[in-house]
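Colleague: To start, I am sharing the structure in question, which I have written as structure tokens.
The values are calculated or read from the model by the stated rules, or taken from the named source; none is laboratory data. The structure displayed is predicted, hence computed values, not measured ones. Every residue, glycine among them, receives a Cβ derived from its backbone with ideal geometry; neighbour counts consider all protein chains shown. Note: areas computed on protein heavy atoms with side chains; ligands, DNA, RNA excluded. Shrake-Rupley method; radii C 1.70, N 1.55, O 1.52, S 1.80 Å.
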Amino acid sequence: KLKGSGYFHFRDRFNVIAAMPRGVRSSVGSAIACSSLGGAALLLSDAATSFVPSGMPQRRASAEEGPKLSEPAPAAAAAAGSGMAQALVAGTTATAAILGGAARGRRTNRGSKSAASTVVPVAMRAVPEGGYCELPNQCVRRKTRTITIGDVKIGSDHPIATQTMTTTLTDDVEGTVAQIKKCADMGVDIVRITVQGMREAKACEFIKKRLLEDGYTTPIVADIHFTPKVALLCADFVDKVRVNPGNFVDGRKSFDTIGELTEKDIKEAQAQIEEVFAPLVLKLKEKNKALRIGVNHGSLAERILFQYGDSPEGMVASAVEFGEICRKYDYHNFLFSMKSSNPKVMVEAYRQLSREMYKRGWDYPLHLGVTEAGGGADGRIKSAVGIGALLLDGLGDTIRVSLTEDPEFEAGPCKALRAAAEAAVGKGVESFDEKNGRRDGPVARRECTFPLDVPLNADGSVLSAMSAEELGSLDTKTLCARLGLRLRADGDVQKDWKSTDAVVVDGALSDKAIENIKILLQVPAGVVCRPAANVPEGVTFLHDAAAVIEAVPERLGGHAVIFTGEESEEQIKSVFQMAKPRFVFLKPKSQEGVTYLGRRFFTMLRSFEVTEGIPCMLWFSYPKVAGQDEDDVVIRASADFGSLFVDGFGEGMLWNAEGFTADNLRESSFNLLQASRMRISKTEFISCPSCGRTLFNLQETTAKIQERTGHLPGVRVAIMGCIVNGPGEMADADFGYVGSGVGKVDLYVKYDCVKRAIPFAGAVDALVNLIKEHGKWVEPEEDEEVTAGEAVAVM
């Protein structure tokens, strides 16, 4: 009976066992340990009366060491025999699965005299049905321990905490205190400050003191790169220390010094990490301070890059190495982050880490963030795609939206994401068999056949909706403006980089509306509307799935079908057979649980030959909600769409939001597709949010670079205030602009620094010249638009 209750009820089962007599308790506990529970290994001695709490010390034996238990009850040991040992090893050898390569089978150095000598029995959780999250069909927060950061509790039993980072010089105590207070007043829970040297570390004491004097208990976090000694000093004053495993020990990188890596080399590198990192771990443990192991995709250690490449696997390996050292010294007040400027890489890295922690029985919280997201709508959407996709799966306990703006402006997006996550808990669909392997790792996008008579974009289509009445009221110029088309001086209407691919028209068509439809079809742009006698040839007829009960005749432009996602597999198959749609829409009745509804729908599309390969557009609607502004809606929509796009679900999008202009909806659609790494429609800027290390005014410089280079679709430009994440993030950009000294800038092409110490005054011009040298430059196009009257005269 206990076995049948499922792993989600571990705690309840242990409470039941705890109420039993001692002898019975030992035998039942051993029986559970030996039974098959989806891979879980449960260990219970007489000393254990419930699920092992977060605060109890835990130590994991390596695969080579085998289990080392502290005197299990005789009855339990006798009953379990070798089965218990095998179960424990099965539950604790996840390193080989994720670390791979030369790291396979290595033994963590545990020879230090400071290491914990006693092992407490640990209840190892099974890998859940969701793989990297609790459930595949419903949002359930991943169960984590509670860690303490000052007065703030982080973990699944607490609300998601919000964070930001100051942009002041840390040794400017007054300025830093003022900025922290402003952030706290905006509702930010935790504030990070950069600590690059001893002067800044000493300033932390006075910053914390001043905040407390002014009645602010907001925890402060020291951001450490390259300087372990500085971390040790500021640990006396701050509430948490963030270390970057990629540069805490290894320092600056050249990325080309390692030609060969042996098992001995790996062990020596790991021993060096422990030697440098362990003193900080012990000090934080002594002072009951917190730690973030903050891995960054752009600053992985050179050894990790050599072993795993610039990959999520390397990020997980780096995090696990530092996490194992913390656990070796019985320190557990820490959490992980796995940040990248690429939302898809970021999502996959967190999923892999979560999957790895389930395998290991670790329950440490997660800090979520997309690094160097940029500013304005771009930064908010990119962050919401990555952070939102994880939150809607129940992952994440604290978040930061990194914007190239003043830090207090990060509060709103963080709170909007938290609200979206809280609203999603418990929402989903009935259980279904997700057959595509998505829960085990990234999967390729569906291979779709795009119709020749409907001009969709294979990288991701943007659709707009309008009423027939509105369409009939537009002249040629306003029609072009409404859909992002270009009206040339000769009267020709053309598509632009950000033109709507197809428009869905609702209502009876007037003669003027039909005239405009003919203009659109000549562009060509797609037009979709309900069947009617006066609809021009080439328009796609739109049907509700429930209304398709017999075969529909073929026509130029074909048919499109709206599904709600609640249809059965047989209903979907029948509609496809009768309508033979050029493409379909997934238009849920509400936005509750759309991530899971979408996953189930796309699973069904893969079930039959007739449905496979037909493009599907996501059509979501957001009614006006009291208290929400445009940012809140954009962030919610980005999380919903992004949670499906990052897994390759959806070939385009259409969305409605009350109070939004057509321009806002279209612009946000293109931004969202680009953030999801689907369709690139403009220059992408990877810009850091600035901090006390920044060597120039990042907001002003970013604006100048955007003004000069914002017309280069497909080109990625990284703008970094300092060297901390610079070289690594260049790998995800074509060109990089990095502060390298006071008044000096280095320019990069990918990883390579190609121009050094350029005076700041001429650095933007030098960047433009560099882009030209590499053949990526095009001159901005002149505006050829004309007035409506002129267009009519020409036509």
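Colleague: When we measure straight from the Cα of Lys285, which lysines land under 16 angstrom away, once same-chain ones fewer than 8 places off are left out?
Modeller: In chain and number order, the partners are Lys240, Lys328.
Colleague: Counting only residues 5 or more places away or on other chains, whose amide H sits under 5 Å from the amide H of Tyr622 once H atoms are built in the peptide plane?
Modeller: Those qualifying (amide H under 5 Å, at least 5 residues apart or on another chain) are Asn656, Ala657, Glu658.
Colleague: How many Å² of accessible area per residue for the range 233-392, probe 1.4 Å?
Modeller: Accessible surface, normalised per residue, equals 25 Å².
Colleague: Can you compute the FRET efficiency between Glu567 and Asp506 using 1/(1 + (r/R0)^6), with r the Cβ-Cβ distance and R0 = 25 Å? Round to the nearest 0.05.
Modeller: According to the calculation, E is roughly 0.70.
Colleague: Turning to a different aspect of this structure: Order of 364-373, 578-587, 646-655, 492-501 by packing, highest average Cβ count within 10 Å first?
Modeller: Packing order, densest peptide first, comes out as 364-373, 646-655, 578-587, 492-501.
Colleague: Taking all protein chains as present, what is the carbon and sulfur share of the accessible area of the range 413-512, in % to the nearest whole number, probe 1.4 Å?
Modeller: The nonpolar share, carbon plus sulfur, comes to 48 percent.
Colleague: Ignoring any ligand, DNA or RNA, what whole percent of the accessible area of the range 613-694 comes from carbon and sulfur when the probe is 1.4 angstrom?
Modeller: That share works out to 50 percent.
Colleague: For the pair Val625 and Glu658, how long in nm is the line joining their label points, each one 7 Å along Cα→Cβ?
Modeller: Reported label-point gap for Val625 and Glu658 is 1.3 nm.
Colleague: Please compute the length gained on full extension between Glu268 and Ala458, using 0.36 nm multiplied by the number of residues separating them and subtracting their Cα-Cα distance.
Modeller: Result: 63.5 nm gained on full extension.
Colleague: So, for the range 481-619, what is the accessible surface per residue at a probe of 1.4 Å, expressed in square angstrom?
Modeller: For the range 481-619, the per-residue accessible area is 41 Å².
Colleague: First compute the accessible area of the range 347-405 with a 1.4 Å probe, then give the percent of it belonging to carbon and sulfur atoms.
Modeller: Carbon and sulfur: 52 percent of the exposed surface of the range 347-405.
Colleague: If packing is taken as the average number of other Cβ atoms within 10 Å across a peptide's residues, how do 205-218, 732-745 rank, most packed first?
Modeller: Top to bottom by mean Cβ count within 10 Å: 732-745, 205-218.
Colleague: Roughly speaking, what is the centre-to-centre gap between the range 752-773 and the range 180-225 when only Cα atoms are used, to the nearest Å?
Modeller: Cα centroid of the range 752-773 versus Cα centroid of the range 180-225: 35 Å apart.
Colleague: Can you give the FRET efficiency to the nearest 0.05 for Gln494 and Leu261, using r as the Cβ-Cβ distance and R₀ = 35 Å?
Modeller: Rounded to the nearest 0.05, the efficiency is 0.05.
Colleague: Turning to a different aspect of this structure: Using the per-residue mean of other Cβ atoms lying within 10 Å as a proxy for protection, in what order, highest first, do the peptides 664-671, 757-764, 389-396 fall?
Modeller: Sorting 664-671, 757-764, 389-396 by mean packing, highest first, produces 389-396, 664-671, 757-764.
Colleague: Can you give me the distance in nm between label points at Glu554 and Glu700, each placed 7 Å from the Cα along the Cα-to-Cβ direction?
Modeller: The two pseudo-label positions are separated by 6.5 nm.
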